[in-house]
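Novice: Please see the structure below; I have some questions.
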Amino acid sequence: MIKPIYKRVLLKLSGEALMKGDAYNINSSIIKNIISEISEIVSCGIELAIVIGGGNICRGISNKIQNIDRSTADYMGMLATIINSLALFDILNKSGIISHVMSAISIEKFLESYIPLNAIKYLEEGKVVIFAGGTGNPFFTTDTTAALRAAEIKAEIILKATKVDGIYNFDPNKCLSAIIYKKITFDEVISKKLEIMDSTAFSFCRDQKLPIRVFSIIKSGALKRVIEGKNEGTLVYV
């Protein structure tokens with residue numbers, strides 16, 4: 001039985017974390033594990049909102065290498081988040097987890113527009129809310145979307161789920177002696193020049209005193225341990 005220390009959280013999933021080596025796809029084993037862990041935490045009363053990236057489909061600014069304008073590339077990235085959000089929505093509902101997708105971009109045909117009060121209402125009803133379409137504006141990442149939405153719905157913490165199990169002093173994929181930080185302040189992250197999310201999102205979280213927990217979504221049971229307040233990944237705090 002889970003003993004959560006939080007009531008309302010925002011889970012930030014990176015699109016790349018869904019790939020597991022699969023080229024521009026959603027790996028079935030990873031999404032199966034994510035759904036299983038989401039089901040477990042929602043069943044214990046956690047109010048869960050999700051922001052998912054689109055890096056497994058389109059990486060936005062990286063399209064500059066193909067001579068695509070930055071704003072156009074960012075809109076492409078927003079559409080990629082909508083694709084991922086719809087996929088997650090469908091799988092969640094088929095698994096018995098009632099969810100809603102709310103988009104910052106108006107697509108009335110099949111998506112509900114984002115309205116903060118409606119999102120909070122759904123959360124209070126025990127439904128999972130997925131925020132799609134980024135902020136609805138170019139030049140902002142899904143990290144910024146996660147920070148803004150977390151503040152708007154009054155989430156207690158942002159859970160940043162990645163392929164890496166926390167924040168290290170060096171890239172653990174390149175440096176075998178890299179050391180993980182179990183706890184670190186916002187100011188220390190800045191002074192050490194550690195990159196965990198874009199500067200706009202990070203500064204916003206610091207100003208709002210909104211903590212961030214960075215952990216690996218690939219590790220079995222990691223989300224559950226985070227919700228229970230166990231020493232999983234890295235906690236960034238004021």
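The values are calculated or read from the model by the stated rules, or taken from the named source; none is laboratory data. Note that the coordinates shown come from a computational prediction; the quantities given were computed from them, not determined experimentally. Neighbour counts run over all protein chains shown; Cβ positions are idealised from the backbone, glycine included.
Novice: Consider ASN231 carefully, then state whether it is under 25 Å from VAL42 (Cβ atoms), of a type in the set (S, T, N, Q) and at pLDDT below 95.
Specialist: yes
Novice: Checking MET78 against (1) modelled with pLDDT of 95 or more; (2) crowded, with 18+ Cβ neighbours inside 10 Å; (3) not polar (S, T, N, Q), which single condition isn't satisfied?
Specialist: Among (1) modelled with pLDDT of 95 or more; (2) crowded, with 18+ Cβ neighbours inside 10 Å; (3) not polar (S, T, N, Q), the lone unmet condition for MET78 is (1).
Novice: Given THR200, THR185, which one is in contact (Cβ under 8 Å) with a residue 60 or more places away in the chain and among the polar types (S, T, N, Q)?
Specialist: THR200
Novice: Ok, one more. Among the residues of segment 106-128, which ones are in a loop (DSSP other than H, G, I, E, B) and under 18 Å from the mean Cα position of the chain (by Cα)?
Specialist: TYR114, LYS127
Novice: In segment 153-174, which residue that is of a type in the set (S, T, N, Q) and in contact (Cβ under 8 Å) with a residue 12 or more places away in the chain is surrounded by the fewest Cβ atoms within 10 Å (Cβ to Cβ)?
Specialist: Among residues in segment 153-174 that are of a type in the set (S, T, N, Q) and in contact (Cβ under 8 Å) with a residue 12 or more places away in the chain, the one surrounded by the fewest Cβ atoms within 10 Å (Cβ to Cβ) is ASN169.
Novice: Scanning segment 175-220 for residues that are among the polar types (S, T, N, Q) and within 27 Å of LYS32 (Cα to Cα), which turns out surrounded by the most Cβ atoms within 10 Å (Cβ to Cβ)?
Specialist: Looking at the filtered set, the residue picked out is SER216.
Novice: Next question. Can you name every residue in segment 186-209 that is within 10 Å of VAL236 (Cα to Cα) and more than 20 Å from the chain's Cα centre (by Cα)?
Specialist: ASP187, GLU188 - these are the residues of segment 186-209 that are within 10 Å of VAL236 (Cα to Cα) and more than 20 Å from the chain's Cα centre (by Cα).
Novice: Where residues in segment 4-18 are within 17 Å of GLY134 (Cβ to Cβ) and assigned to a loop (DSSP other than H, G, I, E, B), which of them is modelled with the highest pLDDT?
Specialist: The residue in question is SER14.
Novice: Here is a follow-up. Inspect segment 90-101 for any residue being modelled with pLDDT of 95 or more, surrounded by fewer than 21 Cβ atoms within 10 Å (Cβ to Cβ) and at positive phi and give the result as yes or no.
Specialist: Scanning segment 90-101 turns up at least one residue that is modelled with pLDDT of 95 or more, surrounded by fewer than 21 Cβ atoms within 10 Å (Cβ to Cβ) and at positive phi.
Novice: While we're looking at this one, here's another question. Is there a residue in segment 112-128 that is in contact with a Leu (Cβ under 9 Å, 6 or more places away or on another chain), surrounded by fewer than 23 Cβ atoms within 10 Å (Cβ to Cβ) and among the small types (Gly, Ala, Ser)?
Specialist: The answer is no, given that none of the residues of segment 112-128 is in contact with a Leu (Cβ under 9 Å, 6 or more places away or on another chain), surrounded by fewer than 23 Cβ atoms within 10 Å (Cβ to Cβ) and among the small types (Gly, Ala, Ser).
Novice: Can you tell me which residues in segment 221-236 are surrounded by fewer than 15 Cβ atoms within 10 Å (Cβ to Cβ) and in contact (Cβ under 8 Å) with a residue 12 or more places away in the chain?
Specialist: Within segment 221-236, GLY221, GLY229, ASN231 meet the criteria.
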